[in-house]
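Colleague: Supplied in structure tokens, the structure appears directly below.
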Amino acid sequence: MEDLLCPITHEIMRDPVVAEDGHSYERTEIERWFTAGNLTSPVTNSLLADLTLRPNFTLRNVIDAFQRLSQCNAQRDSDFDELLEIEPFWEREQRERVKAEMVAHPVEVPVFDSSAEACQAIKEVVDNARYNREDVHLLLGVIRTFPHLEHVLVQALSVLVDAELASPVNKTLMMYDHAVPLVLAVMRRFPQSMNIQQMACCFLQNLAWKSVYSRSVLFQYDATSLVVKALTFSELQTCGDLAFHALYCLRNFIIHSSKFRISMVLQDVICLVLSAMAHFNHFENVQIAGCDLLERFSNDDFTIKEVIARDGGIEQVVQAMRTFPRSELLQEKACILCQDLAKLTDNWKKLIQGGADRLVWDALSRFPTSKPIEECARLLDHRLFSDN
């Protein structure tokens, strides 16, 4: 930070230049120094034989990057505070209670002499199946102690997922024990490990479920970018389970569409989601997660509806309905998405041309008590009647 400051004004430079003494200054300030009759260095006070100033392009680029990052962090912190405003009272109360308990009764930091000892400790956690505060602390301690041992990390993450599912209090414990930056660091360290990426996505997916605070923290750490990378990696490795968990991660991260900010534009993410659905077209869970996620993206956003249709989303959803006619959950998710996409006339025509109307009626005959399917069929009937 100090290297970005002008030695004269002690403020961040906008147009840094290098003088003969080797130090960088704000151009206007060092020129004013020389104009005032000073022929010495403002830093060393030594006489300068040459008053020529050279632009410091490298430093200027560093300053620009620093300012962009500062703006991004300021915006993210602001959004984090805004997201917490909608946190339910019961969740906030639970957080404060757990935090007070952790302060009053701190847990001793686990120490492991070897990876074998750590693996044995993980096995004992599984055998005891208590999944209490000490177990959570131990698992996170293993991850901190052996950040470069993939097989140990896979075991620890797997049991950490079991622990977070065992009790909602454990989620809060993990948040206060800095589990999120820890797991994200593991994802960055092993971008080509299918097991690491899958376990990490599963952990993040569960952490974000029904927890405004967890989603806010994940948003603050920009976890979405890593999950998007994991989704791309799943196609390269042809791993449908990883694709499913990555898609549901994205689904659970979303609170409001305006808060879904990642390093990639939303249209690119939609393209990746549709690509995953096409790549894993016989993987039911991927189709269900994809339909659910696309519906959340397109909700009340007509531009996104156009993007989904343009990138082949309608054809993909219709194909999923044909492939899994006996999956009630998939038919419901597909019908909800179709109902939303049909709000645009061009999309409505594509749905009819693709045979979505027949598929919806077939689904209704197979699942007559399903409300989403019934509502979609009623909409189709109404639109077809109006068109005729």
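The values are calculated or read from the model by the stated rules, or taken from the named source; none is laboratory data. Treat the numbers as computed from the prediction; the structure is a model and nothing was measured. Because the Cβ atoms are built from the backbone with ideal geometry, glycine has one as well, and the counts that use them run over all protein chains shown. Accessible surface areas use protein heavy atoms only, side chains included; no ligands, DNA or RNA. Shrake-Rupley method; radii C 1.70, N 1.55, O 1.52, S 1.80 Å.
Colleague: Mind checking which residues of the stretch 305-328 are open to solvent by 10 Å² or more (accessible area, probe 1.4 Å) and of a type outside the set (Ser, Thr, Tyr)?
Modeller: 306, 310, 311, 312, 315, 316, 319, 322, 324, 325, 326, 328
Colleague: Tally the residues that are modelled with pLDDT of 85 or more and of a type in the set (A, V, I, L, M, F, W, C), restricting the search to the stretch 32-84.
Modeller: 12
Colleague: Let me ask you something else. Is it the case that some residue within the stretch 96-112 is at pLDDT 90 or above and either in contact with a Phe, Trp or Tyr (Cβ under 8 Å, 6 or more places away or on another chain) or open to solvent by less than 40 Å² (accessible area, probe 1.4 Å) (or both)?
Modeller: Checked the stretch 96-112: no residue is at pLDDT 90 or above and either in contact with a Phe, Trp or Tyr (Cβ under 8 Å, 6 or more places away or on another chain) or open to solvent by less than 40 Å² (accessible area, probe 1.4 Å) (or both).
Colleague: Give the number of residues within the stretch 198-218 that are open to solvent by less than 20 Å² (accessible area, probe 1.4 Å), over 13 Å from residue 169 (Cα atoms), under 12 Å from the mean Cα position of the chain (by Cα) and not β-branched (Val, Ile, Thr).
Modeller: Residues meeting the conditions: 6.
Colleague: Checking residue 87 against (1) under 21 Å from residue 5 (Cβ atoms); (2) surrounded by 13 or more Cβ atoms within 10 Å (Cβ to Cβ); (3) at pLDDT below 80: exactly one of these is not met. Which one?
Modeller: (1)
Colleague: Which residues, counting only those in the stretch 123-181, are open to solvent by less than 20 Å² (accessible area, probe 1.4 Å) and among the hydroxyl-bearing types (Ser, Thr, Tyr)?
Modeller: Across the stretch 123-181, the qualifying residue is only 172.
Colleague: Separate question: Assess whether residue 51 counts as being in a loop (DSSP other than H, G, I, E, B) and surrounded by 11 or more Cβ atoms within 10 Å (Cβ to Cβ).
Modeller: Yes.
Colleague: Out of all the residues in the stretch 151-161, is one or more at pLDDT below 80 and under 26 Å from the mean Cα position of the chain (by Cα)?
Modeller: The answer is no; no qualifying residue exists.
Colleague: Sticking with this one: Quickly run through the stretch 346-371 and pick out the residues that are over 19 Å from residue 305 (Cα atoms) and surrounded by 15 or more Cβ atoms within 10 Å (Cβ to Cβ).
Modeller: Once the filter is applied, which keeps residues that are over 19 Å from residue 305 (Cα atoms) and surrounded by 15 or more Cβ atoms within 10 Å (Cβ to Cβ), the stretch 346-371 yields 359, 360, 361, 362, 363, 364, 367, 370.
Colleague: Further, regarding this structure: If we keep just the residues of the stretch 219-246 that are assigned to a helix (DSSP H, G or I), among the hydroxyl-bearing types (Ser, Thr, Tyr) and over 12 Å from the mean Cα position of the chain (by Cα), which is surrounded by the fewest Cβ atoms within 10 Å (Cβ to Cβ)?
Modeller: Here the answer is 232.
Colleague: Can you tell me how many residues within the stretch 183-197 are touching a Pro at 6+ places or on another chain (Cβ under 9 Å) and surrounded by 21 or more Cβ atoms within 10 Å (Cβ to Cβ)?
Modeller: So the count comes out to 2.
Colleague: Please name all residue pairs, on different chains or six or more residues apart, with Cβ atoms under 7 Å, provided the first residue is in the stretch 154-171 and is under 14 Å from residue 198 (Cα atoms) and the second residue is of a type in the set (S, T, N, Q).
Modeller: Qualifying pairs under 7 Å: 154/195; 161/206.
Colleague: Residue under question is residue 375, and the condition is that it be modelled with pLDDT of 95 or more, open to solvent by 50 Å² or more (accessible area, probe 1.4 Å) and out of contact with any Asp or Glu (no Cβ under 8 Å at 6 or more places or on another chain); does it hold?
Modeller: So residue 375 does not fit the description; no.
Colleague: Here's a follow-up. Filter the stretch 230-264 for residues that are over 13 Å from residue 194 (Cβ atoms) and among the β-branched types (Val, Ile, Thr); which is modelled with the lowest pLDDT?
Modeller: Once the filter is applied, the top-ranked residue is 262.
Colleague: Taking the stated definitions as given, is residue 147 within 29 Å of residue 240 (Cβ to Cβ) and at pLDDT below 90?
Modeller: Judged against the criteria, residue 147 is a match.
Colleague: Could we say that residue 28 is in a helix (DSSP H, G or I) and open to solvent by 80 Å² or more (accessible area, probe 1.4 Å) here?
Modeller: Answer is no for this residue.
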